[in-house]
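The values are calculated or read from the model by the stated rules, or taken from the named source; none is laboratory data. All figures in this text were calculated on a predicted structure; none of them were measured in a lab. Ideal geometry is used to build each Cβ from the backbone, glycine not excepted, and the neighbour counts take in all protein chains shown. Protein only, heavy atoms only, side chains kept; ligands, DNA and RNA dropped before computing areas. Shrake-Rupley method; radii C 1.70, N 1.55, O 1.52, S 1.80 Å.
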Amino acid sequence: MTTLTEFLGMGGYGAFIWPSYGISAVVLILLVAFSLRRLHRIEADLIPLEQNRKTRRQNKSTKEGAAS
Amino acid sequence: MAIDLHKFANPARFLRITAVIFPWAAALTLLLLGIGLYFALFVSPEDYQQGNTVRIMFVHVPAAWMSMSVYSMMAISAAVGLIWKHPVADLSAKAAAPIGACFTFLALVTGSLWGQPMWGTFWVWDARLTSMLILFFLYLGYMAIWESYDDPSKAAKAAAILVLVGAINVPVIKFSVDWWNTLHQPASVATMDGPKIHSSILTPLLIMGTAYMSLFVTVFIIRVKAEILNRRLRMMRLVQLED
Amino acid sequence: MSLNARHLSCIRQDRLIFKNISFSLNSGEVLWIKGKNGAGKSSLLRIIAGLLKPIQGEILWQGENVKDDPDIFQNQFRYIAHQDALKPALTGTENLRFWSQYFGTDNVPAALKEFELERIADVPTGIMSAGQKKRTNLARLIACPAPLWILDEPVSSLDTHYIALFRNQLVRHVKNGGMAVLATHQDLELDFIQMLDLDAERGKS
Amino acid sequence: MGSFFSLLKRDIQLAVRQGSAFTMTLSFFVIAVTLFPLGVGPELSILARISPGVLWVGALLACLLTLDRMFQADFEDGSLDQLMLGSMPLEIMVLAKISAHWLTSVFPLILITPILALSLNMPGEGIGAMILALLLGSPVLSLIGAIGAALTVGMRRGGVLLSLLVLPLYIPVLIFGVAAVEAAIAVLPVGPHLLLLSGLSLGALVLCPLAAAAGLRLAVD
Amino acid sequence: MTRKRRRLYFVVAGMAVLGLAATLVLMSFEDSLVFFHSPSDLVEKSIPAGRNFRLGGLVEEGSVIKDGVEVRFSVTDLAETVPVVFRGLVPDLFREGQGVVAEGQLNEQGVFIASNVLAKHDENYMPPEVAESLKKAGKWQPKGEKQ
């Protein structure tokens, strides 16, 4: 128990060291999370459009196939 | 249409290559962060002068390194984008900016948390700290430009001009501690006569530095992919409008 | 003198405005560009003036690519846009004098006379009517002479009298060996005219 | 050269003709500076101590207020297009606009600075240095400002973005400008500070028109 | 004048002006463009009493006297020494032989009355044992002797 408190106390500098590590962790985790969320949103928005294009192409080719 | 093909050709290759790198970069980041933090918090000794506060260095210095490297990378990308009109160059500068801004913010905050117990103040207006703050504002301005233009190709050019103008700040940050009498101490690692840090402290620092670097690569890949897909999304919506 | 355009394409904000536009124009000719709103008339004129970069294609002046040597095209044309490029705080004469000095020419009194502006020339352009401003703007064509006129809706907000007056100026300019590229909805009933219909060009593809 | 001076002449003529902008900038400067004694309290020693910073910041903000009009008016009425079709290089055209801006918007501020400095109880040694520092350093304000003005031309709410882009780049001039005056007040050599300010001005004189011209090309495109 | 020729002139002129700018900036670096002044500077420039500035140097060995909240010490750059008085908490890194930057002003007696004291540390980092053994081996150069 004493070792843990000693460790957390960091020789009296815990109040500066732990916030440094904490804010670094928070900022970097948020950065990763927001980046991933943005990517997933865009990917989700793309899916219907891609399918739309595919079906139109197929329609086009079947039409052309029928015409020839 | 030939123009469209040109716009997609390179990004497609970029996406293929990064898809291979991504899992390795992500795994490396986690591994290095794990080892680095273990060394930083448990193995590394106290400094003879600064005691335990030297541990702040392991999150402060890598962030500061990255803030400047990311900006330099953006400046190079911006120049490439302006001169050769390479489509991925503009997007990669745009994708890197928020990451660089985060690193700069962290360097400033952890630096002031280190400064208070050691120097006796959270902040001083010396050359190193001030130029670092300017760097942070430059990142913010860069991102604001991207937000302010409706036309992405215009935004890319305007943002590139700003990055290149601000690039003059990077050598100022780097050499500020040598050019002026600052409160901030001179460079410890990249010096002419080798590192001035004992290996037991230098090792965790370098591990953390590499971890931050690979974290940057990981997030950068995610963000560039998002930008490329976003551009494709925009194009497809326009095509839909035309029909 | 000749002006040629080859395979011009224009993209604005990722949208294709027009593509593969070509024309050639010689001394004594007028090119009338027609098209619906948004067909790219103004964009085409701005491309010719060098204010806008085409995504592909080139402009040739006297058979030489303008991109290779911009000097040859410099000051060879006068561009009249929608906006009047007049400072409201300055009088008509002052505005015209500034532009003629800026372009290194000097023909202001004649310009005022030709466009019947002498009576109002010393009034700040800020209190002029739209038609008066337009005429002052058009007077730049005479005040700063140049062989090629690039005209974007030159007769909008002019009444019939002044339309006729402008038409006479245009005819005289062309008769004297000048040329003009003109985008307008109004038929000026000129006989040495070439037509370029951007809507029709669009249909071709 | 004829084009350069005709444009310079026109811009000055416009500023004189529309005197309101002229006096408004000056009044802003005076009011902003005189607010400090009210905010900080009338204690003369404190005022004397902060006076170099107050005057520099005041001048900087007053300059910032006028920046967005540097190209905006010409952009809106179509003059900018015409200016770009002239025979002189765009960079030189931009330099003419910047010179006009400095002469009409910044130089008048320098003229009334001594009076304001006295009202802030600035020591006599500082006032001369203040004027010299402003004369040598303030061109940077117009030069860097031109970049911001060019990049925000045609934007609906460009003013805020303009400040965000330009203010960080103003920090070095502010720091060295204030340092020059403080050195003079502390009876330390002022020479090096003034050299540095002139160096900044000369460097900006070359680099800023390039960047601003690139920004303008973007605006008309 | 052709465009190429003109551009060449502009580039040459631009380079010349940039060179001049760089020279001016470098010249100013040589002199007193600083965050703080050293005790030698004080003697050279004879700063009058009552002016605010920053004084930087090393805390002289054996000069620190703590008297309640008041701390008296001397700042030295090994050539000149200035006595300093400060009322307040000094930072943890404030030690004899360490770098220090004090803000304040001189009084009539030539004593520096500090309103704020900041510690400056050097670019060396090592564990205490290493520092100890370096000292023993005589390889240790305290910062003061380097200058």
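Numbers for the structure displayed
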item	result
Long-range neighbours under 7 Å by Cβ, at least six apart or interchain, first residue open to solvent by less than 60 Å² (accessible area, probe 1.4 Å) within region D:34-61, second at pLDDT 85 or above and of a type in the set (Val, Ile, Thr)	D:PRO52/D:VAL178; D:PRO52/D:VAL181; D:GLY53/D:VAL178; D:VAL54/D:VAL33; D:LEU55/D:VAL33; D:LEU55/D:THR113; D:TRP56/D:VAL178; D:GLY58/D:VAL33
Test for D:THR25: is it away from chain C (no Cβ under 14 Å) and in contact with a Cys (Cβ under 9 Å, 6 or more places away or on another chain)	yes
Boolean, D:LEU135 is part of a helix (DSSP H, G or I) and among the hydrophobic types (A, V, I, L, M, F, W, C)	yes
Yes/no for B:PRO171 being modelled with pLDDT of 85 or more, open to solvent by 40 Å² or more (accessible area, probe 1.4 Å) and under 17 Å from B:ALA64 (Cα atoms)	yes
Region C:1-24, subset open to solvent by 50 Å² or more (accessible area, probe 1.4 Å) and part of a strand (DSSP E or B), residue farthest from the other protein chains (Cβ to nearest Cβ)	C:SER24
Selection status of B:LEU129, over 22 Å from D:LEU210 (Cα atoms) and away from chain E (no Cβ under 14 Å)	no
Filter result (within 14 Å of chain D (Cβ to nearest Cβ) and assigned to a strand (DSSP E or B)) within region C:62-98	C:PHE77, C:ARG78, C:TYR79, C:ILE80, C:THR91
Selected residue (only one of B:ILE173, B:ILE134, B:ILE207 is assigned to a helix (DSSP H, G or I) and at the interface with another protein chain (Cβ under 7 Å from one of its Cβ atoms))	B:ILE134
Unique match (being assigned to a helix (DSSP H, G or I), open to solvent by less than 10 Å² (accessible area, probe 1.4 Å) and touching a Ser or Thr at 6+ places or on another chain (Cβ under 9 Å)) among B:LEU106, B:LEU113, B:LEU129	B:LEU106
Test for D:LEU169: is it in contact (Cβ under 8 Å) with a residue 40 or more places away in the chain and among the aliphatic types (A, V, I, L, M)	no
Qualifying residue in region D:92-101 (condition: in contact with a strand residue (DSSP E or B) (Cβ under 8 Å, 6 or more places away or on another chain) and either charged (D, E, K, R) or without any contact (Cβ under 8 Å) to a residue 40 or more places away in the chain (or both))	no
Residue, surrounded by the fewest Cβ atoms within 10 Å (Cβ to Cβ), within region E:80-106, restricted to residues that are modelled with pLDDT of 85 or more and out of contact with any Leu (no Cβ under 9 Å at 6 or more places or on another chain)	E:ARG87
Selection within region B:179-204 - more than 10 Å from every other protein chain (Cβ to nearest Cβ) and open to solvent by 10 Å² or more (accessible area, probe 1.4 Å)	B:ALA190, B:MET192, B:ASP193, B:GLY194, B:THR203
Residue check, A:GLU43 facing another protein chain (nearest Cβ under 7 Å), at pLDDT 80 or above and more than 18 Å from B:ASN52 (Cα to Cα)	yes
Filter result for E:ASP77 (within 9 Å of another protein chain (Cβ to nearest Cβ), crowded, with 17+ Cβ neighbours inside 10 Å and acidic (Asp, Glu))	no
Extreme residue, farthest from the other protein chains (Cβ to nearest Cβ), among residues of region E:1-43 that are at pLDDT below 75, open to solvent by 30 Å² or more (accessible area, probe 1.4 Å) and closer than 30 Å to E:GLY110 by Cβ	E:GLU30
Hits in region D:170-204 (condition: of a type outside the set (Gly, Ala, Ser), within 7 Å of chain E (Cβ to nearest Cβ) and over 23 Å from D:LEU61 (Cβ atoms))	D:VAL187, D:LEU188, D:PRO189, D:PRO192, D:LEU195, D:LEU202
Residue in region B:179-194 that is without any contact (Cβ under 8 Å) to a residue 24 or more places away in the chain, of a type outside the set (D, E, K, R) and assigned to a helix (DSSP H, G or I) present	no
Meets criteria (touching a residue at least 12 places away in the same chain (Cβ under 8 Å), exposed (fewer than 13 other Cβ atoms within 10 Å of the Cβ) and part of a strand (DSSP E or B)) for E:SER115	yes
Cross-chain or 6+ apart pairs with Cβ under 9 Å, region D:11-29 first and of a type in the set (D, E, K, R), then surrounded by fewer than 16 Cβ atoms within 10 Å (Cβ to Cβ) and at pLDDT 90 or above	D:ASP11/D:LEU103
Positions within region C:49-74 being in contact with a Gly (Cβ under 8 Å, 6 or more places away or on another chain) and open to solvent by 40 Å² or more (accessible area, probe 1.4 Å), in sequence order	C:PRO70
Selection from region C:100-125 of residues that are open to solvent by less than 40 Å² (accessible area, probe 1.4 Å) and closer than 17 Å to D:ARG17 by Cβ	C:ALA121, C:THR125
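Per-residue answers, yes or no, for (1) open to solvent by 40 Å² or more (accessible area, probe 1.4 Å); (2) over 30 Å from E:ARG51 (Cβ atoms); (3) in contact with a His (Cβ under 6 Å, 6 or more places away or on another chain):
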{"residue": "D:THR66", "(1), (2), (3)": "no, yes, no"}
{"residue": "D:MET70", "(1), (2), (3)": "no, yes, yes"}
{"residue": "D:GLN82", "(1), (2), (3)": "no, yes, no"}
{"residue": "D:MET88", "(1), (2), (3)": "no, yes, no"}
{"residue": "D:LEU103", "(1), (2), (3)": "yes, yes, no"}
{"residue": "D:LEU111", "(1), (2), (3)": "yes, no, no"}
{"residue": "D:LEU118", "(1), (2), (3)": "yes, no, no"}
{"residue": "D:MET122", "(1), (2), (3)": "no, no, no"}
